[in-house]
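To keep things clear, I will list the structure first and then write my remarks on it.
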Amino acid sequence: MSHRRRSNAAGPQPPEGVGVGDSTAAEASSTDKERRDLLPWVLGSDPRVLALALAFRAANALLVRTYFNPDEYWQCLEVAHRIVFGYGHLTWEWKRGLRSYLHPLIFAALYKILALLHLDTPWFMSMAPRLLQSVFASFGDLYLYKLSKLIFNNHVAQWALFSQLVNWFMFFCITRTLSNSMETILTVTGLYYWFVAIESSKGTLIVSKQQAASKQSPPSRKMALLIAALACAIRPTSAITWLYVGLLDFIQMKSKSRFLFLEVIPLGVFVLAVTTFLDCWMYGSRIIVPLNFLRFNLFSSGGDYYGTHVFHWYFSQGFPSMIWTFLPFLISGIMKSREWRLAGLILWVLAVYSILGHKEFRFVLPVLPLMFMFSGYNLAAMAQFKGKGHSEKGPLSRLQLSVILLILTNVPVALYMSLYHQRGTEDVMFYLSREAHDGRIKSVLFLMPCHSTPYYSTLHYNLPMRFLDCTPSENKGTLDESDRFLMNPPDFVGKVFGNLSSFSHIVLFESEERHVKLLLHNSFKEVRRFFHSHFKVDRDLQSSVVVYSQMSVL
């Protein structure tokens, strides 16, 4: 995936003949000018960027109080909780061997530390995983900065970092314990090492003998391949990204056999062997998770069970919603920078995922940071245009207006989505956790679509709980419990649960409450109601989450 600097490209470019990693003559000659151009928030060095990212993502994690995707809990924290504390629900994916234990074990280690320190309280159990994820996310921010600086320059890197920190979807998603969030961080980190290795092998990273003696040698391509293998172990579909990256450079390589047989295959086999051993040990049987995952999701289209979208959804709705008002800056940045291979990577990932019927925002999260590199390029070009003495009429320049626009259109959305939209299912579990630890709950039934709330990982109390199952049936057309309940709530509850007397508490959405209220009238009483959302997502408006308790328990 080789690249070079182009003197005729619009935007901020170094002098002709300077390599991407040159930290000597070119940077020294432009230091004073760059300092005049930089905004006050720019910190300028890797340690300071990391410190900024750590503080920002910690606040980010604490501000995320809403529910987004079941995988955040059910495929990670619930599994980790079961490993450490011995109780927790494993979904059907774990029974079929579709998930690797590599990702949940990270948070299992965190839970173990909390338990040893006697800090496994409801608050810590809820917030500690996201705070840990915020640390990983901050390194993702750092490596986006480093990658942008490597491919373009320091000025672009600062604006790329600004773009990533301001974007609403990155704020909303990156500190969640999704495997996609970890995949995104590993992808950016791996791409950085890949580009460093390429430039090093081409001889464009020029350092003096004294610098070479005092500094660590440039990271090799093997580091990038190792990180890529780990990303694929966590999310096998990450191979889509690395197939593009590897093939483009493989075509230009002279020593193709060396690359394949001394780097790719050994590292790939090593990571596969370690993760397979880990999974076999945790599952208690011989199993190859990546093979099962790809067989179910790609070869049999098993993911279609949870809904499908039209082919162009990522291009027409999904990614525009994620990138939001950065979209025009992205397009302009691509055209000005002419970094076609990175732009091609984005297009490739979106196109391949478009082939699959089941589509979700989080699937294409790993290429979102690349978008911010191009947005950063465009913003840096605006700053350079202003710095060359071009006067702009009016009290505010184009750059200032652009920054104001991006902040005003992203920050409110980020805060609303993180603090308010779909927060009822989080709030109800915090409430149930406190009640359970105080001994006021004996058992809980969730009469809502499956996986609508966190579970034992938040409750952190071993009492009987039941939710509506939605395991895919091998017989097409067979409805699961969740669908049957939504079709006819009173009939389903009467047939499956009878008079509900075996549960001390019932949790349900307001939209279904009116259908089963007669069944609850005689022996249950409403005890709490939590706001959930102002508008519907994919079902009827679920404006609130309601908790009913047996009168005998009150």
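The values are calculated or read from the model by the stated rules, or taken from the named source; none is laboratory data. Note that the coordinates shown come from a computational prediction; the quantities given were computed from them, not determined experimentally. No Cβ is skipped: glycine too gets one built from the backbone with ideal geometry, and neighbour counts run over all protein chains shown. In case anyone asks, the SASA skips ligands and DNA or RNA and just uses the protein heavy atoms, side chains included. Shrake-Rupley method; radii C 1.70, N 1.55, O 1.52, S 1.80 Å.
Report, in debye and to the nearest 20, how large the dipole of the stretch 423-550 comes out about its Cα centre when Lys and Arg carry +1 and Asp and Glu carry -1 on their Cβ.
Charge dipole, the stretch 423-550, about its Cα centre: 340 debye, nearest 20.
Starting from the 7 Å offset along Cα-to-Cβ, what nm value, one decimal, do you get for the label separation of F531 and L62?
2.2 nm
Of the DSSP beta bridges with both residues in the chain, give the percent that are antiparallel, rounding to the nearest 5.
65 percent
Which Cα, out of L267, S552, A351, lies furthest along the positive dipole direction of the chain (beta carbon charges, K/R +1, D/E -1)?
Most positive-ward Cα: L267.
Going by a 4.7 Å Cβ-Cβ cut-off, which cysteines of the chain have no partner at all?
If one checks each Cβ against the other cysteines of the chain, C76, C173, C232, C280 turn up with nothing under 4.7 Å.
Once you keep just the Cα pairs under 8 angstrom separated by 6 or more residues, what percentage relative contact order results for the chain?
18 percent
Binning at 10 Å from 0, report for the stretch 79-125 what percent of all alpha-carbon pair distances ends up in each bin.
P(r) for the stretch 79-125, in whole percents per bin: 27, 52, 18, 3.
Shape of the stretch 423-550 from its Cα gyration tensor (a ≥ b ≥ c, root eigenvalues): rounded if a/c is under 1.5, otherwise prolate when a/b > b/c, or oblate?
Verdict is rounded for the stretch 423-550.
Longest segment of the chain with no trypsin sites (Lys or Arg not before Pro) in a DSSP loop having at most 10 other Cβ atoms within 10 Å?
With a cap of 10 other Cβ atoms within 10 Å, the longest stretch comes to 5-214.
Which GluC sites (Glu not before Pro) in the stretch 394-481 pass both tests, a DSSP loop state and at most 16 other beta-carbon atoms within 10 Å?
Of the GluC sites (Glu not before Pro), the ones in loops of the stretch 394-481 whose Cβ has at most 16 other Cβ atoms within 10 Å are E474.
Can you pull the one-decimal nm distance between simple spin-label points at Y283 and H437, each 7 Å off the Cα toward Cβ?
3.6 nm
Can you compute the FRET efficiency between L119 and A273 using 1/(1 + (r/R0)^6), with r the Cβ-Cβ distance and R0 = 35 Å? Round to the nearest 0.05.
Using R0 = 35 Å, I get an efficiency of 0.50.
Just to check I understand the Karplus step: with θ = phi - 60° and J = 6.51 cos²θ - 1.76 cosθ + 1.60, what whole-Hz values come out for the stretch 262-269, glycine and proline as x?
10, 10, 5, 5, x, 5, x, 5
Report, by chain and number, residues whose modeled amide H sits under 5 Å from the one on Q422, excluding near sequence neighbours (fewer than 5 apart, same chain).
Result for Q422 returns S533, H534.
Using the heavy atoms of the protein chains and a 1.4 angstrom probe, tell me the accessible area per residue for the stretch 423-550 in square angstrom. Spell out each step's value before the answer.
Working: 5940 Å² over 128 residues.
Ligands and nucleic acids excluded, the result is 46 Å² per residue.
Summarise the accessible area of the chain (1.4 Å probe, protein heavy atoms) by the percent that is carbon and sulfur.
Whole-percent figure for carbon plus sulfur exposure: 62.
Using a Förster distance of 45 angstrom, determine the FRET efficiency expected from the C-beta separation of N499 and T409, and round it to 0.05. Could you put the intermediate results ahead of the total?
Working: r = 51 Å, r/R0 = 1.14.
Using R0 = 45 Å, I get an efficiency of 0.30.
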